[in-house]
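S.K.: I have a structure I would like to understand better, so I am pasting it below and will then ask my questions one at a time.
The values are calculated or read from the model by the stated rules, or taken from the named source; none is laboratory data. Quick caveat: nothing in here was measured; it's all calculated off a predicted structure. Reconstructed Cβ throughout: ideal geometry from the backbone, glycine too, with neighbour counts over all protein chains shown.
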Amino acid sequence: MPVYRELLELAEGLGASDFCLATIGSDRQRKLTPIMDAAFPDAAVLTQQVAADVSPAMLRHASNSTIVAWWAAPRHSAVSAFERLRWVVRTVAIGSARAGLVMPLYAGRCEHGMLVLTGTDFAVCDDTLAAAHLQALELFDRLLKLRAEMSGGNPKLSRRELECLRLTAEGQTSDEIATNLGLSVHTANQYLSNATQKLDAVNRMHAVAKALRFGLID
């Protein structure tokens, strides 16, 4: 996927080794939904940490500001580089990474998100950070449009296909899915096979990953 490759290049250009891109819901809870990371189509450890550790204050910041936030452990090599940057703010650490950047993102009609980048060898200045942030905004807009096409285009997944994918995402086997939905194992497998083909996935787990990324299941 071109967006994925460009996000990897963006991260590498800043000296980051990992990234997580997520949307932020517009409701009061500002639900965070990761949609792409360095392990796409699987989920990276960073994504799990972002989902667990990001603070309500950071979600509010990313929803109301365009200023990049950063964190770094004491005496980390990135501290001096980050402190020289203008138009940034310091924030609390996210996950186990000793240094990182958080880029607030927005697109369309009040669609907000954030790009979290972590690593050990950040090489960043005002110019490179500004250019990377502009690129991230453009990629975020493209990815949201792609998600909309995937979730609203044809062919659409049926209710049973989505149910089978959701239960697979929860770790259930075909036998368990069949029992829970009152289906035969053959029928459950057929629903999963249909969903895999419709999502242009290589196997059912890839189909689950794509369905999660595109917001078809949660």
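S.K.: Go through (1) without any contact (Cβ under 8 Å) to a residue 40 or more places away in the chain; (2) under 19 Å from Leu143 (Cβ atoms); (3) not aliphatic (A, V, I, L, M) one by one and return the number of the condition Pro56 breaks.
M.R.: (2)
S.K.: Considering every residue within the stretch 79-97, establish whether at least one is at positive phi, of a type outside the set (D, E, K, R) and in contact (Cβ under 8 Å) with a residue 24 or more places away in the chain.
M.R.: Pass one, the stretch 79-97, residues at positive phi: 87, 95.
Now drop any that are not of a type outside the set (D, E, K, R), which leaves 87, 95.
Still in the list and also in contact (Cβ under 8 Å) with a residue 24 or more places away in the chain: 87, 95.
Among the residues of the stretch 79-97, at least one is at positive phi, of a type outside the set (D, E, K, R) and in contact (Cβ under 8 Å) with a residue 24 or more places away in the chain, which makes the answer yes.
S.K.: Return the pair list, or none, for Cβ contacts closer than 8 Å from residues in the stretch 100-112 that are closer than 17 Å to Ile35 by Cα and not assigned by TED's automatic domain parsing to the domain that holds Lys31 to residues that are of a type in the set (Asp, Glu) and crowded, with 19+ Cβ neighbours inside 10 Å, at least 6 apart or on different chains.
M.R.: none
S.K.: Being among the hydroxyl-bearing types (Ser, Thr, Tyr), touching a Gly at 6+ places or on another chain (Cβ under 8 Å) and surrounded by 13 or more Cβ atoms within 10 Å (Cβ to Cβ) narrows it down to one of Thr91, Thr118, so name that one. Working first, answer last.
M.R.: Numbers: Thr91 fails: touching a Gly at 6+ places or on another chain (Cβ under 8 Å).
Answer to the check: Thr118.
S.K.: Given the structure, is Thr196 touching a His at 6+ places or on another chain (Cβ under 8 Å), farther than 30 Å from Ala16 by Cα and without any contact (Cβ under 8 Å) to a residue 24 or more places away in the chain?
M.R.: Yes; evaluated as a whole, the condition is true for this residue.
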